[in-house]
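First comes the structure, then the notes that go with it.
Every number here is computed from the coordinates shown, using simple stated rules; none is lab data. What you are looking at is a predicted structure, and each value in this text was computed from that prediction instead of being measured. Counting neighbours? That spans all protein chains shown, and the Cβs are built from the backbone with ideal geometry, glycine included.
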Amino acid sequence: MHELSIAVTLIEIAEGEAARIGGKVTALHVQIGALAGVVKDALLFSYDVASADTALAGTRLIVEEVPVTVYCARCACEYSLASPQPLVCPVCGGGTPDVRRGRELQLQALEIES
Amino acid sequence: MSEPRLVEVRQKILKQNDLLARELRRRFRDAGVFVVSLVSSPGAGKTRLLETLLGRLATEHRVAALVGDLATENDAERLGRSGAPVRQIVTGTVCHLDASMVERALEGWALTDLDFLFIENVGNLVCPSSYDLGEDLRLVFMSVTEGEDKPRKYPTIFNSADVAVITKIDLASAVEFDADAAHASIEAVRPGMEVFSLSARSGAGVSELIARIERGREQRRPAGAAV
């Protein structure tokens, strides 16, 4: 399950940032896009496991799920889709391979207590 | 105790892999080697097709391959019979290849001595989608025995790939494969995706994929570069 290796990397990044900023981390804010290939629940579980014996033990992982946003050239408009498939415009029904959002796998912010 | 404050980080979790992949991509381009990666479920026919591709491309080009598996060196031995340089990446328990594994596996190889490098990923339709390997072209395979709706079940990997390859078409009638339905599934998850259908065993459709791979290299070469 690769969510575990992603959790480990996430913890490394957060620890590095926390050391740089100073203070005690209480929570991590993360964005996961619908096309990022990472499952939220698996990441939450993996985070608990991976953080257990680190300086981040007991911290919360707050996940924002980002839906797929596509650009439809025919409608000249961006649309957010309820699901990564079918990748079609909700207005005109044509295929929309131009994905603008939804691939995120990002540490957005840290909650730090001074 | 003071209120916790929110400090923006905005860093990609896989930034390390992305940076390494970008560096690999630059090295490949500078060396003039066109890199093709292969992803699929276990058993879709990646290794079998790669045997054919290495054998046929080696007549006119300098080719090599890296192949990833959790265990055994079987695939590398099999592919090595083609005469091309092949290295096995044994991942242990890791379910995907990443850029650092590719970089390590390439140590000691002169990339300028190669025209094509193939990277066969671990058989897995889930995890490889997150990891850029620095390749120029990513092929996602599905065999006629896996069900026409396979792409709909794995939209992420199809979106991370460039070209779809339907394999084992010599078995199509035996399993009552519905090619139209398979094409519709691919189109639903990745509109406009190129699809090739072939059989490594019979050879049907292989020339078309080879032509596509060769064209990829041609198009990538900067104008005026030496052949």
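Can you pull out every residue in region B:181-212 that is over 21 Å from residue B:56 (Cα atoms) and touching a helix residue (DSSP H, G or I) at 6+ places or on another chain (Cβ under 6 Å)? Within region B:181-212, B:185, B:186, B:189, B:190, B:193 qualify. Against the condition within 13 Å of another protein chain (Cβ to nearest Cβ), surrounded by fewer than 22 Cβ atoms within 10 Å (Cβ to Cβ) and acidic (Asp, Glu), how does residue B:148 come out, does it pass? It is false that residue B:148 is within 13 Å of another protein chain (Cβ to nearest Cβ), surrounded by fewer than 22 Cβ atoms within 10 Å (Cβ to Cβ) and acidic (Asp, Glu). Of (1) among the charged types (D, E, K, R); (2) closer than 22 Å to residue B:126 by Cβ; (3) at the interface with chain B (Cβ under 9 Å from one of its Cβ atoms); (4) not in a loop (DSSP other than H, G, I, E, B), residue A:103 satisfies all except one. Which? The failed condition is (4). Restricting the first member to region A:22-38 and to residues that are facing another protein chain (nearest Cβ under 9 Å), and the second to residues that are surrounded by fewer than 18 Cβ atoms within 10 Å (Cβ to Cβ) and part of a loop (DSSP other than H, G, I, E, B), the beta-carbon pairs closer than 6 Å and six or more apart or on different chains are A:23/A:114; A:26/B:4; A:34/A:67. Applying the criterion of at least 1 residues that are touching a Phe, Trp or Tyr at 6+ places or on another chain (Cβ under 7 Å), under 20 Å from residue B:210 (Cα atoms) and among the charged types (D, E, K, R) to the helices (runs of 4 or more DSSP H) found wholly in region B:1-85 leaves B:46-57. When region B:85-100 is limited to residues that are touching a strand residue (DSSP E or B) at 6+ places or on another chain (Cβ under 8 Å) and more than 21 Å from residue B:44 (Cβ to Cβ), the one that is surrounded by the most Cβ atoms within 10 Å (Cβ to Cβ) turns out to be B:87. Taken over region B:153-199, the criterion of being without any contact (Cβ under 8 Å) to a residue 12 or more places away in the chain, in contact with a strand residue (DSSP E or B) (Cβ under 9 Å, 6 or more places away or on another chain) and either part of a helix (DSSP H, G or I) or crowded, with 23+ Cβ neighbours inside 10 Å (or both) is satisfied by B:187 alone.
Of the residues that make up region A:39-59, is at least one in contact with a strand residue (DSSP E or B) (Cβ under 8 Å, 6 or more places away or on another chain), within 10 Å of chain B (Cβ to nearest Cβ) and part of a strand (DSSP E or B)? There is no residue in region A:39-59 that is in contact with a strand residue (DSSP E or B) (Cβ under 8 Å, 6 or more places away or on another chain), within 10 Å of chain B (Cβ to nearest Cβ) and part of a strand (DSSP E or B).
When the test is whether a residue is farther than 22 Å from residue A:101 by Cα, acidic (Asp, Glu), in contact (Cβ under 8 Å) with a residue 60 or more places away in the chain and in a loop (DSSP other than H, G, I, E, B), residue B:135 passes it.
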